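The values are calculated or read from the model by the stated rules, or taken from the named source; none is laboratory data. Nothing here was measured: the structure is a model prediction, and the numbers come from that model. We place every Cβ from the backbone using ideal geometry, glycine too, and count neighbours over all the protein chains shown. Just the protein is used for accessible areas: all its heavy atoms, side chains included, with ligands, DNA and RNA removed. Shrake-Rupley method; radii C 1.70, N 1.55, O 1.52, S 1.80 Å.
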Amino acid sequence: MRELLLPKFNNNDEGCVLVDWAVEDGDEVFADEVVAEVETAKALEELVADVDGVLHRLVEVGAQCEFGRPVGLLFDSHQERDDYLASAAVSTAPEGEEEDHDGGPEPILSDAARTLAQDHGIRSEQLRSLGKRVVKASDVQRLIDQGVMDQGAESAAAVAAGAAADAAAVVSLSTRQRAVAAVVSEAHRTIPAAFAAIAVDLTAFRATRGGAPYGLVELLVKAMAARQADFPLFFATPGADHTLVLASDANVGVTIDVGTGLFIPVLRDAARRPIGDLADDLMDFRVSALRQNFRGDAFADEAITLSLHNDPDIILAAPIVHPGRTCVVTLCAERSEVALAEDGTPFTRPVTTVAVTYDHRYLNGRDAVRFLTAVKQDLESADAIARLAG
């Protein structure tokens, strides 16, 4: 028997979410075969078996998994796996429950299934009614969802009818959305986030850009990166014992979503590189997202994140702060705003909203306002724009 260990896909995350199993529980797998798909904060990754064997899953789809921990076992044969399951069931079953009251064998429960059944009062006869030799957590969850707990007084027909009625109103989340749910839940559970936003006048940007081969996204990346020295904690990684590891370079991750999933590839050394190079990289990222063929290092060494919410009419957005980051900056859609000239004459001007969601354990409101104000000044000044784009 060999453990199927989860490798460390990047240095920024402590773990990942198991999005889907590519191999059924109990099936044979071969060395170098993809057995599962996992999602880190940045990308989808494939988990590959290192030896031949018979797979026994240890975690369910959607579970949060730690790097370096086993997510499955690989047995030399089906018989070895069956013997393992049988011994595990006998060693963990309460005394007197190895067999049911009719003398038949109890189903074998995974650890997750046993815990779920105990927490929700699922009885042995309900587990046997599944007709399965090995019961997983998803099987127990189905019993819970169907509302069969403590229904012993009801007839089997009534239970089946109630389950059918419930099923008609239930919509199952996709595998990807379950993975998103796990990441979002973990972020909200562990990160006390706060939020600040500022309006940015784009008049100078429109006047100075002309036919330049860059857009507002690239200019904002440059403005953010240029402020690393003044606001180093915005470019840091949380460490142990209330410490922060400061980034050596202003590597800016930018969200890319072209309908094939959300990706956060990284624009490296954004402060020192020409803005045209950043524009070229962003175009390459969009093509890679469409083709699903990012380079292996495209997501590495991110120091700060820029989340793009530039669909028409989006004026405010507050995304989650991913574990491993101290903040995420948001760029919203451009819009027209009515303003008054010094003489009171009304006019319209192009504006947008730039915001920051931040981990309040490391950054405070005053810091967020100062950071946004500095970025705003750069985006509204023709001289600053020329400097950033030069």
Original post:
What length, rounded to one decimal in nm, is gained on full extension from Asp76 through to Gln377, with 0.36 nm per residue of separation minus their alpha-carbon distance?
Top reply: 101.9 nm
Original post:
Mean 1/r over all different Cα pairs, inverted: what Kirkwood radius does the range 285-385 give, in Å?
Top reply: 16.3 Å
Original post:
Which whole-number percent gives the relative contact order of the chain, counting Cα pairs below 8 Å spaced six or more residues apart?
Top reply: 15 percent
Original post:
What nm distance separates the two modelled labels at Asp269 and Ser138, each placed 7 Å from Cα along Cα→Cβ?
Top reply: 4.6 nm
**OP:** Give me the percent of DSSP beta bridges within the chain that run antiparallel, rounded to the nearest 5.
**Re:** 85 percent
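May I ask you to derive the FRET efficiency for Arg69 and Met283 from their Cβ-Cβ distance with R0 = 51 Å, giving the value to the nearest 0.05? Before the final figure, lay out the partial values.
Values: r = 38 Å, r/R0 = 0.75.
The pair Arg69/Met283 has a calculated efficiency of 0.85.
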Subject >> nm² value of the averaged projected area, convex hull over the Cα atoms of the chain >> reply: 25.6 nm²
Original post:
What spacing in nm lies between the two simple spin-label points modelled at Leu290 and Ala181, each 7 Å away from Cα in the Cβ direction?
Top reply: 3.3 nm
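More than 13 Å apart: what percent of Cα pairs in the range 200-250 qualify? Display every interim value, and only then the final one.
Details: 852 of 1275 pairs.
Cα-Cα pairs of the range 200-250 separated by over 13 Å account for 67 percent.
Counting only heavy atoms of protein chains, what accessible area per residue, in Å², does the range 1-78 have with a probe of 1.4 Å?
Roughly 47 Å² per residue, with all protein chains present.
Quick test of the membrane-span-like rule: which DSSP H helices of the chain reach at least 27 Å along their long axis (C-alpha atoms) with mean Kyte hydropathy at least -1.0? Mind dumping the intermediate values first?
Values: long enough: none.
Helix filter hits for the chain: none.
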Original post:
So how much slack lies between Asp313 and Ala169, counting 0.36 nm per residue of separation and subtracting their Cα-Cα distance, in nm?
Top reply: 48.6 nm
Original post:
Per-residue accessible area for Asp284 at 1.4 Å probe radius, Å² rounded to 10?
Top reply: 90 Å²
**OP:** Find the accessible area per residue for the range 266-390; the probe is 1.4 Å, ligands and nucleic acids are left out, and the unit is Å².
**Re:** 50 Å²
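Under a 1.4 angstrom probe, counting protein chains only, how are Asp257, Asp277 ranked by accessible area, largest first? Mind dumping the intermediate values first?
On the way: Asp257 105, Asp277 65 Å².
Order by accessible area, largest first: Asp257, Asp277.
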**OP:** Compute the separation of the alpha-carbon centres of the range 18-54 and the range 175-200 and state it in Å as a whole number.
**Re:** 27 Å
Subject >> Contour excess over end-to-end distance, with Cα ends at Arg349 and Leu246 and 0.36 nm allotted per residue >> reply: 33.3 nm
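If I take all pairs of Cα atoms in the range 242-294, what percentage of them are more than 19 Å from each other? Show your work: numbers first, answer last.
Details: 491 of 1378 pairs.
For the range 242-294, the fraction of Cα-Cα distances above 19 Å is 36 percent.
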**OP:** Leaving ligands, DNA and RNA out of it, report the carbon-plus-sulfur percent of the accessible area of the chain at a 1.4 Å probe.
**Re:** 51 percent
